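Working notes for the structure below.
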Amino acid sequence: MSETALATTPPPPVPSAWAGAVRRGAWGWTALALGCAALVGLPVVTVGLNLFAPSTELWRHLASTVLPGYIANSLWLMLGVGFGVVVGGVASAWLVTMCRFPGSRTLEWALLLPMAMPAYVVAYAYTGLLDVAGPVQSALRTAFGWQSAAEYRFPEVRSLGGAIVVMSLVFYPYVYIMARAAFLEQSVCVLEAARVLGRGPWRAFRQVALPLARPAIAGGVALALMETLNDFGTVQYFAVDTFTTGIYRTWIGLGEPAMAAQLGALLMLFVLALLVMDRLSRRAARFHHTTGRYRSLPELRLRGGKALLALLFCLVPMAFGFAVPGGVLAWWAVEAGGSMLLGGEFWTLAANTLTLATVTGLLAVALAVVLGYARRLHPSALVQGTSRLAAMGYAIPGSVIAVGTLVPLAALDHALSALLRDRFGWSGGMLLTGSVAALVYAYLVRFLAVSFNGVEAGLAKISPSMDAAARTLGQRPAGALRRVHLPILRGSLLSAALLVFVEVMKELPATLIVRPFNFDTLATRTYTLASDERLAEAGAPALAIVLVGLIPVMLLSRAIARSRPGAAVLP
Amino acid sequence: MSAPGARPPRLVLDRVSYRYGARTVVDAVSLDVGPGELVCMLGPSGCGKTTTLRIAAGLEPPMGGRVVLDGRPVAGDGAWLPPEARKMGYLFQDYALFPHLTVMENVAFGLDGLPSRDRAGRARAMLAQVGMGDYADAWPHQLSGGQQQRVALARALAPQPTVMLLDEPFSGLDRSLADQVRQDTLRLLRETGVATLMVTHDPEEAMSMADRIAVMRAGRVIQSGSPKELYDRPADPFVAGLFSQVNVLRGVVRDHMVATALGRFAAPGMGEGTAALVLVRPEALRPESDPAGSLRLESSRLLGPYLELRLSLGPSGPDGVAAETVIARLRRGPLPEVGQPMTSRVDGEGVFVFPDAGSDVPS
C-alpha cells in the first residue's frame, strides 16, 4: 500500500455529460431516451415556434374579428371556473378532513367521483335535462299550465355561465385533492397552538390552516384551469367560442393549419402562465411545511343543524357533478341504448377505443420506463431537461397537440411521397397523417407525463444499491432493468398504463382532429351524436366512458387514504 | 507495501481520483489488497471512502488513476470493464436484497453462468454456510436485520469472487448483534480466502477486523498500516486521536524538548521555538499520591474494569478559572481520595509529539 498522500496529481479533464454516459456504459440508454424525448417533444416545439411566425393578412383579419372573443371567453371561463373550484374544493376538503358528521367518511372518496366524468358528457346530460324539451321544463310547464317557453324565464344551459358551472362541477376535485392533502399534512400542533392562543375553530381555519394550504390550493387551481383550457366538447356544444373551438374551426372548417398552429401558440402562453403558477406554488409549499410531529387529527364533531348543513354542502358538488348526470346517462342508455347495443355499433366503438387505449397505454409506459431508467443510469442535465420537455404535453390542450402532431407529420408525408414518386414512380399518398399511428402519436405526446410520473415515483422508491447489487452480480443495465426494476415496479407500471388508458378513452379534441376518416371512438361518437341532437343515443357510449373512468378514481382514493404522514403504513 | 516475495495483490487502486462538480471527494488514493487479506478504509462520513469502494467495483468511473484487478487494468488509461464483468462481491450497507425474490433466488441471482441444477446446489450450500439454510423460501422482508446481512453476504460470495467489497456492512445492526455477525463474517471471509476491502467509520470495528487500515480524511489516505502500527506510531494528531481518547498538551520546542506540566518530551526533528502538540494516551499516565506533587486529583470514577482519574495540572487560577485537566486510566485498584496532591510518571510509548498546526485532534 502506498504511503501517505502523494504529491498532487494534475486535475483530470472535466468529462462532458456525454463522455460521462459513455464511461458508465449508459450511452445507449441516453441516446434512446433523447430520441424518445425528441420525438415526443417535437409537436410542443412545433407549435411553440409559431409564436414567432410572421402575421399574414388572414391572421390580421382573425385578430380583428374573432380573436378578442376567444380571449375574453377563455378569460371569463378561467375566472368563473377558478372561483367555482376554490369554493367547492377547499370547503369540502376542510369539512371532510377536520369535521365529523354523518356520511363524512363516505364523502371523503365520493367527492372524487366527478373526476370520472368528462366535462362534455356532463354538458350533454344537463342540456338534455334542462333545455326547453327536457323533463324539468316540461314538468314546470305542466305544473303551471304554461303553453310555451315564452311565458316564463328559465336560465339558458348552453351559455358561458352554463359552461362555468359544468366545468366547476367536474374540475373541483383537483383542488379538493390538493387541499385535502395539505390539510392532512399540516401538523395538528400548529392548529392546536392557534386554538390555545384563543382562535375558534373557524378562525383557526381562516388564519392558520388556509394560509398554510394556499400553495397546494394554487397548484390544484392551476391543474383545474389547464383542464378548462383543454376542454373542447363543452364549449363547442354550448357555442362558447374559445381558443379550442377556434383551433378546431380554423383547422377543419377553414383548412388553415398554420393559422391553427398560431392560435395554438397563443393558447400555450395561457398554459405557460398556469405552469409558472404551479411551479411557484410547489416551491412555496416546501416552506409551508411546519413540524414533523403528527397526531391523529382532532375530529370536530358536528351535530344537528350544523351537521346537516355540512352534509348538504358536500353533497352538492358530488350529486350535481356525478350522481345527477350519471343518472341521466343511465336513463338514456336504458331508453335508447338497446338498439345501439344490438345494432353492433357500440361494440365497434368499444373495440376501437379499447385497442387505441391499450396500445397507447403500453407504449406510454414503455417510453416512460426508457426515459426514467436512462435518467437513473446517468442523470445528466441533458436527459433531465429533455424528459421534462417530453412530459410537458399534459399541460397543453389536446387540440394544440393535434395541430402540433399533424403539421410535422404532413411535412414528412409530403417528403415521403415525393421520394416514392421519384424512386418508384408511385406515390403512397398521405401515409402517416390520418392514420391510427398518428392518433397514437398524438396521445403519447399528450399523456406521456401521466405514465412518466407514475414510473418516476415507482423508480424513486427502489434504492440505488439495488442497481449496484444487480450490476456487481453480473447484470448489464438492460438485465438489471428486466430482472430487478420491472418486477418490483409491476404495480406502478400497471396503474400508470391504466391511467393513460382512461385518459385516452375520454380524450376528445385531438381524436376529432387526428383520427382517420370514418374512424370513431366512444368519445367521438358521443360527441357527434350530441351534435346531431341525438342525446339519448349518446347515453350508452358516454356511460361506458364514465364507468371505466371510475377505476383511476378508486386507485386515487386508495392512494390518498394511505398517504398521510405519521399514519400507520400498511404493508 | 506488500512484503517482497508475497503473492501479487488481487486489487490495486493507483492514485484514483473522483470529483463531484468542483469538489474533489477522492484525491489520488492508492491501496492494494492481497489474497486472503482484509483491508479497511476508515474515516468520518464524507471522507470519500464509499466513493473509493464504488470506483473499485466499477459503479463509478474514476476521473484519474487506475484500477487493476488480478493483474488486469479495469479502469483508467483507456481501460474500462463495467461492474457486471468484474466479478467482484459487493456487500451493501442496506444489504440491497431484491424484495421480489426469495432468499434462495437472491443468492442464485449472480449464478447465471451455471447450469440450473448447479445453481440451486451452490446457492443452497452458500446459505448453509451462513447458517440460513432453513430460510431458502423466505422473503427478504420476513427476515431480521442480522439475517438479511447474512443472506446478502451469501449472495455476494456465491459467484466465488476473488475480491469482496464491504460498505459499512454492520452499521445497520444493533451493537450486541453486530459483534457476533462481525466474527461470523470474518470467519467466512477467511475460509474463502477472498481479498476484502471494507469501509467503516468505526475505529473499533476496523481494529478488530482489519489486517491493514487506511485512514482517510477529506478524500486522502493520511496513513495506512497494521492496526498496531497505527496505534503505536500515528502519523499525525488525527490518527493518534482516532482509536482512543488522548490528552492534549501544548508547548514550545526548546533544546529539542517540549516542556509540559507532565514533564519534558523529546521533539525530534522539530525546529527550535516551534509550537508543539503533545498527545498522551490516558493509559500512559501512572499517577500516584505524592504530598509534594503538582497535580491534584479532581475526580475518580470506576468504569467497569478500570479507574478513570481526572487530574488538574495546577492550582485553580486566582479568578477561579479551573486549571487544565488530564485523564488517566488505570487497572482497577483502590479509589484514591479526591483532592489530594499527586505526581505521575508517563510511559513513553503512549506519548506523541507533533508540530502544532491547529487543532485537528478528534475529540
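The values are calculated or read from the model by the stated rules, or taken from the named source; none is laboratory data. A quick note: this is a predicted structure, and the numbers were derived from the prediction, not measured. We place every Cβ from the backbone using ideal geometry, glycine too, and count neighbours over all the protein chains shown. Only protein heavy atoms, including side chains, enter the accessible area calculation; ligands, DNA and RNA are left aside. Shrake-Rupley method; radii C 1.70, N 1.55, O 1.52, S 1.80 Å.
So how exposed is A:K306, as accessible area in Å² (1.4 Å probe, rounded to 10)?
That residue has around 130 Å² of solvent-accessible surface.
Against the 2.2 N^0.38 Å scaling, with N counting residues, where does the stretch A:66-327 land? I'd like the Cα-based Rg ratio to two decimal places.
1.16
In nm, give the distance between the simple-model label positions of B:A259 and B:E229, each being 7 Å from the Cα along the Cα-to-Cβ direction.
For B:A259 paired with B:E229, the spin-label model returns 3.8 nm.
With all protein chains present and a 1.4 Å probe, how do B:I213, A:I488, A:I177 order by accessible area, largest first?
A:I488, A:I177, B:I213
Using modelled backbone amide H atoms (1.01 Å from N, in-plane), which distant-in-sequence or interchain residues come within less than 5 Å of B:N247's amide H?
Here B:V280, B:R281 satisfy the definition.
May I ask you to list the residues of the stretch B:263-280 whose amide nitrogen lies under 19 Å from a point 7 Å from Cα along the Cα→beta-carbon direction of B:E288?
Only B:263-264 fall inside the zone, counting backbone N under 19 Å.
Quick one: Karplus J couplings for the stretch A:449-465, per residue in order, coefficients 6.51, -1.76, 1.60, θ = phi - 60°, nearest Hz, x for Gly and Pro?
My calculation for the stretch A:449-465 gives 4, 4, 6, 4, 4, x, 5, 4, 4, x, 4, 4, 7, 8, 4, x, 5 Hz in order.
Between B:R7 and A:L210, what is the spin-label point distance in nm, taking each point 7 Å from the Cα along the Cα→C-beta axis?
Spacing of the two 7 Å Cα→Cβ label points: 7.7 nm.
Tell me, what is the per residue accessible area of chain B in Å², probe radius 1.4 Å?
Computed with neighbouring chains in place, this is 45 Å² per residue.
Taking all protein chains together and a probe of 1.4 Å, list B:H201, A:H378, B:H141 from the most accessible to the least accessible.
Ranked from most to least accessible, the order is B:H141, B:H201, A:H378.
To the nearest 10 square angstrom, what accessible area does B:R254 show with a 1.4 Å probe?
The accessible area of B:R254 comes to roughly 130 Å².
In peptide B:90-100, how many Cβ atoms from other protein chains are near each Cβ within 10 Å, on average?
That works out to 6 on average.
Report ³J(HN,Hα) in whole Hz for each residue of the stretch A:79-88, in order, from the Karplus equation J = 6.51 cos²θ - 1.76 cosθ + 1.60 where θ = phi - 60°; Gly and Pro get x.
With the stated coefficients, the stretch A:79-88 comes to 5, x, 5, x, 4, x, 6, 5, 4, x Hz.
Give me the percent relative contact order of chain A, please, defined on Cα pairs under 8 angstrom at least 6 residues apart.
The normalised contact order for chain A reaches 23 percent.
Counting pairs of alpha carbon atoms under 8 Å apart in space and at least six apart in sequence, what relative contact order in percent does chain B give?
15
So what is the accessible area of chain A per residue, in Å², with the probe set to 1.4 Å?
Per-residue accessible area for chain A comes out at 45 Å².
Per residue, what volume in Å³ does the Cα convex hull of the protein assembly as shown take up?
It is 282 Å³ per residue.
Hey, got the average number of other protein chain Cβ atoms within 10 angstrom for residues in B:83-89?
5
If I compute solvent accessible area with a 1.4 Å probe over the protein chains, what percent of it on chain B is carbon and sulfur?
51
Just the number, please: buried accessible area between A and B, total of both chains, 1.4 angstrom probe, nearest 100 square angstrom.
Using a 1.4 Å probe on protein heavy atoms, the buried area is about 3200 Å².
Check which residues have an amide H placed less than 5 Å from B:L295's amide H, if you skip close sequence neighbours.
B:M342
Classify chain B as rounded, prolate or oblate, taking a ≥ b ≥ c as the square roots of the eigenvalues of its Cα gyration tensor: rounded when a/c is under 1.5, otherwise prolate if a/b is larger than b/c and oblate if not.
Verdict is prolate for chain B.
Between A:R388 and A:R303, what length comes free when the chain is fully extended (0.36 nm per residue of separation minus the Cα-Cα distance, one decimal in nm)?
Gain on extension, A:R388 to A:R303, equals 25.7 nm.
Under 1.5 on a/c is rounded, so check that first for the stretch A:452-571, then, if it is not, pick prolate when a/b is larger than b/c and oblate when it is not; a ≥ b ≥ c are the square roots of the alpha carbon gyration tensor eigenvalues.
oblate
Counting helices only, and only those DSSP H runs with n ≥ 4, report the 222 nm mean residue ellipticity of chain B as the sum of -39,500 (n - 2.57) divided by its residues, in deg cm²/dmol to the nearest 500.
Taken over chain B, the calculation gives -6000 deg cm²/dmol.
Roughly speaking, what is the stretch gain from B:D118 to B:R72, that is 0.36 nm per residue apart minus the C-alpha to C-alpha distance, in nm to one decimal?
13.7 nm
Would you be so kind as to list the residues of the stretch B:57-73 that have their accessible area lowered by at least 20 Å² in the full protein complex compared with their chain by itself (1.4 Å probe)?
B:L59, B:P61, B:M63
Apply 1/(1 + (r/R0)^6) to the Cβ-Cβ distance of A:L140 and A:R249, taking R0 = 30 Å, and write down the FRET efficiency to the nearest 0.05.
It comes to 0.30.
Per residue of the stretch A:45-52, what does 6.51 cos²θ - 1.76 cosθ + 1.60 with θ = phi - 60° give for ³J(HN,Hα)? Whole Hz please, x for Gly and Pro, Karplus curve as stated.
Karplus values, whole Hz, x for Gly and Pro: 5, 3, 5, x, 5, 5, 4, 9.
Which residues, if any, in the stretch B:195-225 have at least 20 Å² less accessible area in the whole protein complex than in the isolated chain, probe 1.4 Å?
The answer is B:R220, B:V221, B:I222, B:S224 - residues whose exposure falls by at least 20 Å² when every protein chain is included.
Provide the gained length on full extension for the span A:S463 to A:I71, in nm with one decimal, where the gain is 0.36 nm per separating residue minus the Cα-Cα distance.
Length gained between A:S463 and A:I71: 136.3 nm.
If you rank A:W29, A:W146, A:W331 by how much accessible surface each has, with a 1.4 Å probe, what is the order from largest down?
A:W331, A:W146, A:W29
For a quick check: with amide H placed at 1.01 Å from N, whose amide H comes under 5 Å from B:M41's, ignoring anything fewer than 5 positions away on the same chain?
B:M198, B:V199, B:T200, B:A214
Hey, rough spin-label estimate for A:W426 and B:W139, points 7 angstrom out along Cα→Cβ, what's it come to in nanometres?
5.7
Rounded, prolate or oblate for the stretch A:343-435? Axes are the square roots of the Cα gyration tensor eigenvalues, ordered a ≥ b ≥ c, and the cut-off for rounded is a/c under 1.5.
Oblate.
Tell me what chain A gives for mean residue ellipticity at 222 nm when only DSSP H runs of n ≥ 4 count, each as -39,500 (n - 2.57), the sum divided by the residue total, rounded to 500 deg cm²/dmol.
Computed mean residue ellipticity for chain A: -23500 deg cm²/dmol.
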